[in-house]
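Take a look at the structure set out below.
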Amino acid sequence: MSTSQIQQTLLNIESELREKIAALPEMQIKLMDQLNYSLCELIQIMTEVHLCEHPLFFELMRLDAARCQLEIGLYGVCSDCENEIEPERLAKDPLEQRCLTCSNHFSQQHRQELRLNH
């Protein structure tokens, strides 16, 4: 996929995500006066209204990371091992941050942490 195709894909994801975030009751009051907030500003606002655990917040963070990676030429590089993320993984989820091996390791580690905390 070319850089322009990736950019367009990320823009489409951003547009859908912004609509969903704007529909949240906690965000409607905050966004009432302005809709052109940057991703960083949206992250800050969602933090202020205590939505850090909301699934849309996590998607927003993933989108921000993908856009930053694209800007610095690291889009498609695993955030853990720095190997290339499998193209089929990126095709399935353009916001993917890890290769299959690291994703499996992360999931296993996360499940273990959850068991230890309960």
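The values are calculated or read from the model by the stated rules, or taken from the named source; none is laboratory data. Just so it is clear, the model here is predicted, and its values are computed rather than measured. As a convention, Cβ positions derive from the backbone with ideal geometry for all residues, glycine included, and neighbour counts pool all protein chains shown.
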Somewhere in the stretch 24-36, is a residue of a type outside the set (F, W, Y), loosely packed, with under 11 Cβ neighbours inside 10 Å and on the phi > 0 side of the Ramachandran plot? no
Within the bounds of the stretch 26-43, is there any residue that is outside any helix (DSSP H, G or I), under 20 Å from R89 (Cβ atoms) and either at pLDDT below 95 or not small (G, A, S) (or both)? no
Given the conditions (1) outside any loop (DSSP other than H, G, I, E, B); (2) exposed (fewer than 11 other Cβ atoms within 10 Å of the Cβ), and given that E53 satisfies all but one, which numbered condition is not satisfied? (1)
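Being in a helix (DSSP H, G or I), under 17 Å from K92 (Cα atoms), in contact (Cβ under 8 Å) with a residue 60 or more places away in the chain and of a type outside the set (D, E, K, R): is that true of L63 here?
Values: in a helix (DSSP H, G or I): yes; under 17 Å from K92 (Cα atoms): yes; in contact (Cβ under 8 Å) with a residue 60 or more places away in the chain: no; of a type outside the set (D, E, K, R): yes.
So L63 fails the test.
Just checking, how many residues over the stretch 75-118 are assigned to a loop (DSSP other than H, G, I, E, B) and either modelled with pLDDT under 95 or not basic (K, R) (or both)? Step through it out loud before you land on a result.
So the first thing to find is which residues in the stretch 75-118 are assigned to a loop (DSSP other than H, G, I, E, B), and the list is 75-76, 78-83, 85-86, 93-99, 118.
Those left that are additionally either modelled with pLDDT under 95 or not basic (K, R) (or both): 75-76, 78-83, 85-86, 93-97, 99, 118.
Total meeting the criteria: 17.
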